[in-house]
1. At what distance in nm do the modelled label points of residue 138 and residue 101 sit from each other, each positioned 7 Å from its Cα along Cα→Cβ?
2. How would you rank 51, 125, 98, going from fewest to most other Cβ atoms within 10 Å of each one's own Cβ?
3. Quick one: putting +1 on the C-beta of Lys and Arg, -1 on the C-beta of Asp and Glu, what dipole do you get for the stretch 44-125 around its Cα centre, in Debye to the nearest 20?
4. Subtract the Cα-Cα distance of residue 48 and residue 69 from 0.36 nm times their separation in residues, and report this length gain in nm to one decimal.
Amino acid sequence: MKKSAPRANALLISLVPAVIGLLFLASPAGAAGSVEKGRAIAEKHCSRCHVVGAHNPMGGIGSTASFQMIAKMPDYLERFQTFYARRPHPAFLRIPGVPRWSNLPAYAAEFSITLDEVDDIVAFVKTLEKMPIRRKKRRPQNQRR
Ligand code: HEC
């Protein structure tokens, strides 16, 4: 046992850079999530109701804000970090470890994501912050019939 101690120490020391690397990964900068994973999740699940960047400019549900519109709000990061607890999402979104609001059946097709995937979505939405919003041209009031 004693003889192998130096070897074990050497092994531990050789692991130091890896451990430091892992600490960086676990830091808030590392927890920022993957833009590409976030984009894929948003296109698959969120674009049913929201316009998601350039993916479905004419899609979504008219009454539901586009992601690029929400990303213009000063507190949009918080809104996306907590969207799963904001109406209407708890009615149809399941997150392992997050209790359901009620046992009523979901009124929209259910889907499930993890909290890590919420970080991915947030990373992706940050790329929409500067995306211009196309607005419909409105006729001036006095030209309406
Ligand atoms: C079945 C439709 C539907 C799906 C699917 C959906 N949303 Fe929403 N979402 C809504 C509606 C409707 C609102 C507007 C709620 C309101 O104005 O009260 C909304 C609002 C939001 C908001 C703003 C919340 C607030 O309180 O400001 C965020 C952020 C959001 N959704 C993110 C997402 C993300 C991310 C996904 C995909 C993982 C997603 N949504 C999927 C319907 C949906």
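Where a number appears in this text, it was derived from the coordinates with a stated rule and is not lab data. Source: prediction; values computed, not measured. Backbone-built Cβ (ideal geometry, glycine too); neighbour counts: all protein chains shown.
1. 2.9 nm
2. Exposure proxy ranking, most exposed first: 98, 51, 125.
3. In debye, rounded to 20, the stretch 44-125 gives about 320.
4. This chain segment gains 5.9 nm when fully extended.
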